[in-house]
1. Toward the positive end of the charge dipole of the chain, about the Cα centre and with charges on Cβ (Lys, Arg +1; Asp, Glu -1), which of Ala102, Ile21, Asn47 goes farthest?
2. Write down the Å³ per residue value for the convex hull defined by the alpha carbon atoms of region 33-122.
3. Work out from phi, with θ = phi - 60° and the Karplus expression 6.51 cos²θ - 1.76 cosθ + 1.60, the ³J(HN,Hα) of each residue of region 86-103, listed in order in whole Hz, and give x for Gly and Pro.
4. Stretch Asp381-Arg81 to full length: gain in nm at 0.36 nm per residue minus the Cα-Cα span?
5. Using r as the Cβ-Cβ distance of Val64 and Tyr19, and R0 as 56 Å, what FRET efficiency do you calculate, to the nearest 0.05?
6. Give the percent of DSSP beta bridges with both residues in the chain that are antiparallel, rounded to the nearest 5.
7. Taking the Cα centre of region 236-366 as the origin, how large is its charge dipole in debye, to the nearest 20, when only Lys and Arg (+1) and Asp and Glu (-1) carry charge on their Cβ atoms?
8. Full extension from Glu109 to Phe267: what is 0.36 nm times the residue separation minus their Cα-Cα distance, to one decimal in nm?
Amino acid sequence: MISFEKALNIIVKHAKKLYSIKMPVEKSAGYISAEDIYSKIVMPPFNKSAVDGYAVIAADNKRVPLRMKSLGLIQAGENFRSKIKYGECIKIMTGAVLPKGADSVVMVEDADVHGEDVEIKTSVKKWQNVCFKGEDIQRGTKVLKKNSVIPISSVALLATVGRSFVKVIKKPKVAVLNTGGEIVPPGEKLTKGRIYNSNGPQILSLLKSDGIDPCFLGIAKDESIELERAIKKGLPNDIFLISGGVSMGDYDLVPDILKRLGVKEIFHKVNIKPGRPLFFGTKAKTLVFGIPGNPVSNFLAYHVFIRPVIYKMSGYKYHGPVFGEGLLDKEFCQKKGRKHFVLAKVSEKDGIWHVNPIIGHGSADVLALSWANGFMVVDKDISYLNAKSRVEFIIW
Ligand code: AMP
Ligand code: MG
């Protein structure tokens, strides 16, 4: 049986960065950019008013109060062609082009209207309340770096410089299949011997949290024809995740069916707890994961094996789970032999991480999973750890 480290290494080696595609700018956050983007425009594209007020010539209103002739109103988006002269002003809205001749804007609050005239009550300095053409972005300013994650905070910038599409690295297409004769969708009636499908909603949510729009193939019973039909549907994807049916039971049919359908087994079983019977195989470019059915095994497999693959295919530089180091809150015993991922509450105090393992009932313990925010990671050769021992953890 291979080690955790070896399994992760093999899996990540099989994942290849996908090609680039054009993505609508509003969907581009979280993708890796496949191009450098330089602005072709300046921002603002013209001198504009920063406030709602009256465009004036500053030299005109040194002594206030002062009555001026109003020429009307400039709305944002309008192009006012005349020139402001001494003794004149024009009402202007925030974001509108500063008219020729004017060099400042008196705020509406600082003026009173008297018929056609406006009384300016507070004087302004030259260029007061004016945003200058190009003060934010110059032509040629780099607004996106190739091979970097597009942060949500850059979407406005990309749109501002006029991009409706961005070249990004495609994210993998992922299909999800849950198997098991006992599994029924939440919301349906539970009959004796049945349980609700928790892996489905869980894996679909995890995928969505990584920006993947998964294809859900539903639940297949542990029966050859039904499984084969469902598995055939999942194989033409970049990643195919199957839960259940990969262990040693009489009805764990998934690995044999996968092989019959041309999936090459790369390994079956990893020396970890929970989730030992993990199956990993490939068919052409599809990476196939058979994950043991317990929800905690699924959760763990996603964090340590599947997400790294998604990241690598999506062009991210990081390809592995990040391990932190903290102090164990209480002593911990385990049976040696497998690398153990223990559900834990991980918290930080004064710069030190504290790891508090949750002792549940095993890999089906979804309640313990809901309390946890990480896994404590204990090496296979360790059977006992003192309180305050240094331990590794993964946090989500
Ligand atoms: P298996 O890997 O098929 O042997 O399943 C291992 C355990 O996980 C069994 O107790 C199953 O009932 C349970 N299980 C399998 N699939 C699911 C699922 N989709 N949701 C919740 N529990 C599951
Ligand atoms: Mg099963």
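The values are calculated or read from the model by the stated rules, or taken from the named source; none is laboratory data. Predicted model only: the values in this text are computed from it and were never measured. All Cβ positions, even for glycine, are placed from backbone atoms using ideal geometry, and neighbour counts span all protein chains on display. Note: accessible area is taken over every heavy atom of the protein model, side chains too, but ligands, DNA and RNA are not part of it. Shrake-Rupley method; radii C 1.70, N 1.55, O 1.52, S 1.80 Å.
1. Looking along the dipole axis, the top candidate is Ile21.
2. On the way: hull volume 10.0 nm³, N = 90.
Given the Cα convex hull of region 33-122, per-residue volume reads 111 Å³.
3. 3, x, 10, 9, 9, 5, 9, 9, 3, x, 7, 5, 5, x, 4, x, 6, 9
4. Numbers: separation 300, 0.36 × 300 = 108.00 nm, distance 8.14 nm.
Residue separation times 0.36 nm, minus the Cα-Cα distance, leaves 99.9 nm.
5. Values: r = 64 Å, r/R0 = 1.15.
E(calc), rounded to 0.05, equals 0.30.
6. Details: 58 of 84 bridges.
The answer is about 70 percent antiparallel.
7. That gives region 236-366 a dipole magnitude of about 420 debye.
8. Details: separation 158, 0.36 × 158 = 56.88 nm, distance 7.36 nm.
That works out to 49.5 nm of additional length.
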